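Here is the structure we will look at, set down as structure tokens.
What follows is calculated from the coordinates using simple rules that are stated; it is not laboratory data. This is a predicted model, so every value here is computed, not measured. Please note: Cβ atoms are built from the backbone with ideal geometry, for glycine as well, and neighbour counts cover all protein chains shown.
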Amino acid sequence: MEKIKLPKDLYDKLELGENKQIEVTDLSNDSFKIRAIDRNRTERAATWFLLPTAISTLLFILSLHFLGKSSVIPLTGTDSIASGVMVISNAVAMISFIVSYLMRRKELSHQMTSKVYWRTIITVIIAVLLLVTLVLSAFFWFISQIFYGVAFDTITSVLIFAIFTGILSFFLLFVVDVFEISMLLNLLIMVAIGGLLSSMVSNGNQYWWQRNFSVLGTNNSNASWQFNLTLILSAALMISLFDYIFVSLRMKVGFQIRHVILQLLLTLCSLCIAFVGLIPNNGLGLAHLAHDIFAQLIVLFMGLAILGIRWFLPHIEKNFYYLSYAIVAILALSYFLWHPIYYLTLTAFEILSFSVCFAWIMLLINSLLRIIWEEKKVYQVEIISAEEDTKNK
């Protein structure tokens, strides 16, 4: 086996010991990734997904027996294969996800502190549950449109159920195996966009856009719970990400009041987003007033964060400053086109504002993660032949 010599700091960072091995992954022509090989670590997805699959299948068979479904089971609809996957498989797979995530706590300690882990665990679980539920709902809705009214006998139904359950269980356990803190960002994007699109499609009123964006979360929408839960969960994910980022930033560059103020503004903005979801814009009473106040506070806190970004983060890339000011200009122009001129509708203004602000937050998080993770060092290269290495021994 070929050998490689590493500097002491890399040796310590990889937590290597005597006779330990490392794995070098070729990423491109001029870069590669090094990681320590942990012989004790097992890939849970490949070995344990059969257990939740077997448990779910057994529960499905028992439910068919108690419901008296012994002849023909529909693919979608009430008391169907789809409802079994949505309820039984989803529940058992999520329990296996939670157990596996808890078992991997020590491995994740390299990426986040114990406090951050416990702060984010509930948010991660709810986000994964919501995302999986939305994907399953969309998938079986699509299947119902293609195979309308199709039904199967008991044995075939159990087999199809087991296949769907196995795929779901493997996917969730695989997520735990490859989980990194950056996946919170991906979860945020998928939950926010997926939840909002799902609310638009299933709200029951094709002309919702003629009023405003908030109507998706009111009693006038069939999917109000999806819209409001999306806002609440997106806010929770944002708070978790900001908490991890700024704690890690303080550990790397020390305490700075400007970072504390930026974190406070972003956290307050996230809390206001959550309150917009918690207080739907129903009627004209206190709920309507509180909803509007929190919506306006989102604009205030976000505007202060964007306008003051040069002071908050003086050492970030200059292109980010220019982009931030361009976003402010777009928001100002869109507001002018909406209110005085009435060229844009309120819904168009809200969607445009949400899109550019959400994009800015994603870019900000990526920039901060690069500051935390990308620690560049330069080393002198020395080529050691096999003969020299043998002599040194």
Inset, instruction - Name the residues whose placed amide hydrogens come within less than 5 Å of the amide hydrogen of residue 222, ignoring near sequence neighbours (fewer than 5 apart) on the same chain. - result: 204, 205
Inset, instruction - Write down Rg/Rh for the stretch 257-350, rounded to two decimals, with Rg from the C-alpha atoms and Rh from the Kirkwood relation over Cα pairs. - result: 1.04
Inset, instruction - For the stretch 72-79, just list the computed ³J(HN,Hα) in residue order, Karplus coefficients 6.51, -1.76 and 1.60, θ = phi - 60°, integers in Hz, with x standing in for Gly and Pro. - result: 10, 10, x, 6, 10, x, 6, 6
Legend entry - Label point distance in nm, residue 339-residue 256, each placed 7 Å from Cα along Cα→Cβ: 3.4 nm
Inset, instruction - Any chance you could get the radius of gyration and Dmax over the Cα atoms of the stretch 44-148, in Å? - result: 16.9, 53
Legend entry - In order through the stretch 334-341: 3J(HN,Hα) via Karplus (6.51 cos²θ - 1.76 cosθ + 1.60), integer Hz, x for Gly, Pro: 5, 5, 5, 6, 7, 7, x, 8
Legend entry - Extended-chain gain in nm, criterion 0.36 nm per residue less alpha-carbon gap, residue 222 and residue 329: 35.0 nm
Inset, instruction - Could you compute the FRET efficiency for residue 91 and residue 289, with r as their C-beta to C-beta distance and R0 at 41 Å, rounded to 0.05? - result: 0.55
